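Right, one structure below, let's go through it.
The values are calculated or read from the model by the stated rules, or taken from the named source; none is laboratory data. Every value quoted in this text rests on a predicted model; they were computed, and no experiment measured them. Here Cβ is always computed from backbone atoms with ideal geometry, including for glycine, and neighbour counts include all displayed protein chains. Areas reflect the complete protein model, heavy atoms only, side chains present, ligands, DNA and RNA absent. Shrake-Rupley method; radii C 1.70, N 1.55, O 1.52, S 1.80 Å.
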Amino acid sequence: MAGEQQLQVLNALDVAKTQWYHFTAIVVAGMGFFTDAYDLFCVSLVTKLLGRIYYRVDGSPAPGSLPPHVASAINGVAFIGTLSGQLFFGWLGDKLGRKKVYGMTLMLMILCSVASGLSFGHTPASVMATLCFFRFWLGFGIGGDYPLSATIMSEYANKKTRGAFIAAVFAMQGFGILAGGLVSIIVSSSFRTLFPATAYEVDPVNSTPPQADFVWRIIVMLGALPAALTYYWRTKMPETARYTALVARNAKQAAADMSKVLQVEITEDQANAAGQPSNGKAEFGLFSREFLRRHGLHLLGTSATWFLLDVAFYSQNLFQKDIFSAVGWIPKAATMSALDEMFRIARAQTLIALCGTVPGYWFTVALIDVVGRFAIQVMGFFFMGVFMLGLAIPYHHWTAPGNHVGFVVLYGLTFFFANFGPNSTTFIVPAEIFPARLRSTCHGISAASGKLGAIAGGFGFLYLAQSRDPGKTDHGYAAGIGVRNSLFILAGCNLLGLLFTFLVPESKGKSLEEMSGENEVIGAEATGYNRTVPV
């Protein structure tokens, strides 16, 4: 039996009861994701304000807005940095160990969150260049948090509640998005009260008070706070038992580490059942035929589903302010002051996060170990596609006065089923189905594919969603295919995501070694040494 062949130290982890340390690990790892989401999404709240402050044109009937190449750069550099960080730190986490790399990513996030709110010089070019530079390195640190947090949580957890624990770490993203909206509401409304301003169409110059320049800086820099609060605890986390036992080949140390933090007694004899020299079959690399045979389709499935999900998810999330404007839920920019506009955009995003995004994450936490990863992912892709078609087909109905509430409800449901669906499962599954020595690397590759989808979806939607009438496009943009046709494309991405889900195995209730095939290797190595009685 697989359980008989498994290392005792790993079997002890798989059957350990849920303990206080599990919740500590969720908070410590989750605060990284809280910061990730806050930093990545808060910029979408301040881009309109940046345009008004730095790109106002005297005599223009409309407020200043970021030129397309600047808007693309601000959003894009963080994604490119995240993609790079996912690949680099994913690989490094398998080479050096999860613990050694884990503190680096958080420190990078703290420093770059603060630095993003600073600027060298006062010209638009210097401010934007500084913001872009530090947002790239901020993204680099955020990228490392994906494979490391997922891998660490999967390797600490027991097999009965592993999905819920990893999902709970990822669910902190929802609170990060919510916090970004709430902080933006509080800061913008405070400054709006202290420094009253008129609508742009009444007085273009005074519609953006000079103090508005502090607003976006405060919001961006506050992203460092939650990460800083958990840095100490992250450096105190021990290396995971699975890395120590299966990669570093030191099961005795793994047993000692886990006995301390999980209050699980593992005797020296049980620990010494491991550590035998591995046979050649166990050491196949990422680019070997053996990996391709065992896990090639799995990696294609996790990468393709994450790519397609993020095309849809990030195109909506980053540019939802444009969707709200298109259906009239946010008034025309000229009828508001700069801080009024920011307040309304933040309020809209917070409402969507509160009603759709956050509940979706926690539905996954509650049900993933009951329903399973496969069913949740298929259901999520299916309903995202259905609701996007529900937005697209009668799109002109939704844009008519009086119908905006219905649009926002459907739009919120797409976020609910993204998070109670593939946005959560694409993060969880790659941390469960690959071998320990390649787990962080493969998760990094899958996550980087997702960020490639975010780049394609975010920038594609930015340009594609422009009106087909050149006279109705945003300043500096060429005519596109419109929001309605863009939503049809996103619905198609969800259908493809559903199909690629069939390449990914179900991991509910199975040990990591059972999913990766490492039980076979352990059994072969430990014959005569590690025949244990199943717990």
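If the segment from Ala129 to Val386 were pulled out straight at 0.36 nm per residue, it would be longer than the present Cα-Cα gap by 88.5 nm. Each label was represented as a point 7 Å from its Cα along the Cα-to-Cβ direction; for Trp233 and Asp469 these points are 5.4 nm apart.
Taking 0.36 nm per residue of sequence separation and subtracting the Cα-Cα distance, how much length would be gained by fully extending the chain between Leu367 and Ser72, in nm to one decimal? Let's see the in-between values first.
On the way: separation 295, 0.36 × 295 = 106.20 nm, distance 3.75 nm.
Gain on extension, Leu367 to Ser72, equals 102.5 nm.
Accessible area ranking (1.4 Å probe, heavy atoms, ligands and nucleic acids excluded), largest first, for Trp398, Trp362: Trp362, Trp398. Measuring only protein heavy atoms, the 1.4 Å probe finds Met153 accessible over about 0 Å².
Rounded to the nearest 10 degrees, the inclination of helix 212-221 to the longest alpha-carbon principal axis of the chain is 0 degrees.
Each of Met109, Met515 has its accessible area taken with a 1.4 Å probe; listed largest first, they run Met515, Met109. Of all chymotrypsin sites (Phe, Trp or Tyr not before Pro) in segment 92-161, which ones are in loop regions per DSSP and have a Cβ with at most 10 other Cβ atoms within 10 Å? Sparse-neighbourhood loop chymotrypsin sites (Phe, Trp or Tyr not before Pro): Phe120. Placing a label point 7 Å from the Cα of Lys260 along the Cα-to-Cβ direction, the residues of segment 211-253 whose backbone N falls under 12 Å from that point are 236-240, 253. A 1.4 Å probe over all protein chains sorts Arg249, Arg289 by accessible area into Arg289, Arg249, starting with the largest.
With all protein chains in place and a 1.4 Å probe, the accessible surface of the chain carries 68 percent carbon and sulfur. Taking every protein chain into account, the accessible area of the chain amounts to 38 square angstrom per residue (probe 1.4 Å). With the simple model of a label 7 Å out from the Cα in the direction of the Cβ, Ile186 to Leu118 spans 2.4 nm. Whole-Hz Karplus values for segment 154-167 come out as 5, 7, 7, 6, 7, 6, 5, 10, 4, x, 5, 5, 5, 5 Hz, taken residue by residue from phi with 6.51 cos²θ - 1.76 cosθ + 1.60 and θ = phi - 60°; glycine and proline positions read x.
A convex hull fitted to the Cα coordinates of segment 1-82 yields 159 cubic angstrom per residue. Extending 7 Å from the Cα toward the beta-carbon at both Glu201 and Leu503 defines two label points whose distance is 5.1 nm. Axis of helix 358-371 versus longest Cα principal axis of the chain: the two differ by about 30°, to the nearest ten degrees. Pairwise alpha-carbon distances in segment 314-457 exceed 20 Å for 56% of all pairs. Structural descriptor for the chain: relative contact order 25 percent, calculated from alpha carbon pairs under 8 angstrom and at least 6 residues apart.
Let's see if you can work this out: charge +1 on each Lys and Arg Cβ, -1 on each Asp and Glu Cβ, no other charges. What is the dipole magnitude of the chain about its Cα centre, in debye to the nearest 20?
On the way: 38 positive and 32 negative charges, 24 e Å.
Computed about the Cα centre, the dipole is about 120 debye.
From the Kirkwood radius over Cα pairs of segment 29-157, Stokes-Einstein at 37 °C and 0.692 mPa s returns a whole-number translational diffusion coefficient of 211 µm²/s. Shape verdict for segment 87-128, please, from the Cα gyration tensor: rounded (a/c under 1.5), prolate (a/b greater than b/c) or oblate. Taking the square roots of the gyration eigenvalues as a ≥ b ≥ c, segment 87-128 is prolate. A Förster radius of 30 Å combined with the Cβ-Cβ distance from Val27 to Thr193 puts the calculated FRET efficiency at roughly 0.30.
Across the cross-link table entries Lys17/Lys451; Lys160/Lys236; Lys95/Lys252, which are compared at the Cα atoms, the separations over 28 Å belong to Lys17/Lys451.
The calculated 222 nm mean residue ellipticity attributable to helices in the chain amounts to -23000 deg cm²/dmol, summing -39500 (n - 2.57) over DSSP H runs of n ≥ 4 and dividing by all residues. Between the helical axis of 338-352 and the longest alpha-carbon principal axis of the chain there is an angle of about 40 degrees. Taking 0.36 nm per residue of sequence separation and removing the Cα-Cα distance, the Phe488/Arg289 pair yields an extension gain of 67.7 nm.
The value for the chain of Rg(Cα) / (2.2 N^0.38 Å) is 1.01. Lys48 contributes an accessible area of around 60 Å² to the protein surface, as traced by a 1.4 Å probe with all chains present. Taking a ≥ b ≥ c as the square roots of the eigenvalues of the Cα gyration tensor, segment 128-265 is classed as prolate, since a/c reaches at least 1.5 and a/b is larger than b/c.
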